[in-house]
Structures are given as structure tokens and as C-alpha cells.
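Asks: Supplied in C-alpha cells, the structure appears directly below.
Nothing in this text is a laboratory measurement; each read-out follows from the coordinates by a stated rule. Computed from a predicted model, the values in this text were never measured in an experiment. Methodologically, a virtual Cβ is constructed for each residue, glycine included, from the backbone with ideal geometry; neighbour enumeration extends over all protein chains shown.
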Amino acid sequence: MHVESLLERLEISTEMRRCQFVEGFDDFAARHDLTDWEGWFSPYDEETYSAVLELVTGDDVVLDLGAGDLRLALRLAQRVQRVYAVEVNPLVVGSALEVIGMRLPRNLHVVCANGLDYPIPPGVTVAVLLMRHCQHLGTYFDRLQAAGCQRLLTNARWKSGMEVIDLQAERVSFDRVRGWYACRCGAVGCAGSDAGATDPVIEVASCPACSGQKHLVT
Ligand SMILES: C[S@@+](CC[C@H](N)C(=O)[O-])C[C@H]1O[C@@H](n2cnc3c(N)ncnc32)[C@H](O)[C@@H]1O
């Protein structure tokens, strides 16, 4: 199958899928709890996709949350055992499926649904969440962790480059953190004033942002 030619065709028709300004979008976004830019379709760049592809192996079963026009999911399907691509916007994913047509790979399962509602299929080892403005990281984190998923590849928490979150790693209690922390809820920060720019980041299960506490460490 010539995925490269499909990707070219998807890229050429990107603009027709930027449907965040069509009539009814605001109601749709509200119904699906898509706040700020969450519901906007805007594909990422080659660098980001390559970073994701380097982080998966042939044994992985991948859940691509907010899969857009499937351009990453198609690449992933060439590399891993199976991909579940979940995209909430029917205009985005519908037109992409028209382009793909009869060339849909058998190991790519495409679902038009809200990823917050969609039951995580058994055996998912890696989830991909390329949604810089995602307000629901904590919800995804908890659901993926409970489903036994190992890793979450995302740009939602650091708001910049790609991050690999080990979902099953033990989390340190926030009270013990003296430096940089990253929380399952999506918040990141520094507890204390001594942390250097390159000090390691401690994973915590809760923090002042999600537990409603005041900063416990000064
Ligand atoms: C920034 S775009 C990225 C698209 C794709 N991941 C890429 O990199 O090309 C985010 C996509 O996530 C979708 N999305 C946002 N919230 C979602 C949700 N709760 N469930 C499923 N899809 C969602 C949007 O409709 C949009 O297409």
C-alpha cells in the first residue's frame, strides 16, 4: 500500500478539514466538552510524528486520541500491531476516510467518538495524545492507567515538546517534592526555590492544582 501518496493527498486537503468555523461548531464543541482550542483540528509537524514513531515498537497496540485526519495513525499502522484512532469530529475524520477509501489498513480501527467516553480497548499498550491544549489530561491518565496501558506519549503537559509518561510508575507524594514536579492532572511546577533547570522532574499523583490545597512546600 502506498501510504506516502495517501499522506500527500491528506496534506493537500488539510484546509477543508479546519472546520472549527463552520456553523454549529460551537454547539458541537460545548456538547463534547471541548474547551478553548481542544476541538480545533490542526495537524502537527513531521518532527512530532517522527518522535512518536520512534517511541513505538512492533508489539505495541496504540490508541491515538484526537487522531485528526489519520495521518499519524496511518504511519503508526505500518509500524505497530494495531491502532485504534479516535477522533470526535465527523467532518475531519469522514473526509479523511474518503481520501483513504479502499486503502484502509486492516490493523487501523477508526472510531468517530469522544475519546473521553470511548471505552479503552483491551491490550492497549501506548496512548498518543497530540493535543497541546487538552484540559482533560487527568481523566485520560486515570482511564488509561486503570486499563493497564503502559505509556502516554503527549505534548499536553509540558506544552512544548513530546513527553513520555510512564503510566504505571509509582507516584511520589506531593509533600515530599522539593523541586520540579509533574502531576497526572496536567499541572507542572516547582515546589521550593532551589531547583536547577536540569534537575529531574518528580511524578506526583496529586498537587495543589487538582487537590485544592495551598502550596505545601515553600
Ligand atoms: C490539534 S488536532 C491534532 C490532530 C492529530 N493528532 C495530528 O497531530 O495531526 C486535535 C484533534 O483532536 C480532536 N479532539 C479533541 N478532543 C477530542 C476528544 N475528546 N475526543 C476525540 N477527539 C478529540 C480534535 O477534533 C482535533 O481533530
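Asks: On the basis of being out of contact with any Lys or Arg (no Cβ under 8 Å at 6 or more places or on another chain), more than 10 Å from the ligand (Cβ to nearest atom) and touching a residue at least 24 places away in the same chain (Cβ under 8 Å), does VAL88 make the cut?
Replies: It is false that VAL88 is out of contact with any Lys or Arg (no Cβ under 8 Å at 6 or more places or on another chain), more than 10 Å from the ligand (Cβ to nearest atom) and touching a residue at least 24 places away in the same chain (Cβ under 8 Å).
Asks: What are the residue pairs meeting all of these: first residue in segment 43-54, first residue in contact (Cβ under 8 Å) with a residue 12 or more places away in the chain, second residue of a type in the set (D, E, K, R) and in a loop (DSSP other than H, G, I, E, B), Cβ atoms under 7 Å, and 6 or more apart or on different chains?
Replies: PRO43/ASP69
Asks: Sticking with this structure for a sec: Considering only segment 114-133, state which residues are in contact with a strand residue (DSSP E or B) (Cβ under 8 Å, 6 or more places away or on another chain), farther than 19 Å from GLY58 by Cβ, part of a loop (DSSP other than H, G, I, E, B) and hydrophobic (A, V, I, L, M, F, W, C).
Replies: Once the filter is applied, which keeps residues that are in contact with a strand residue (DSSP E or B) (Cβ under 8 Å, 6 or more places away or on another chain), farther than 19 Å from GLY58 by Cβ, part of a loop (DSSP other than H, G, I, E, B) and hydrophobic (A, V, I, L, M, F, W, C), segment 114-133 yields ILE120, LEU130, MET131.
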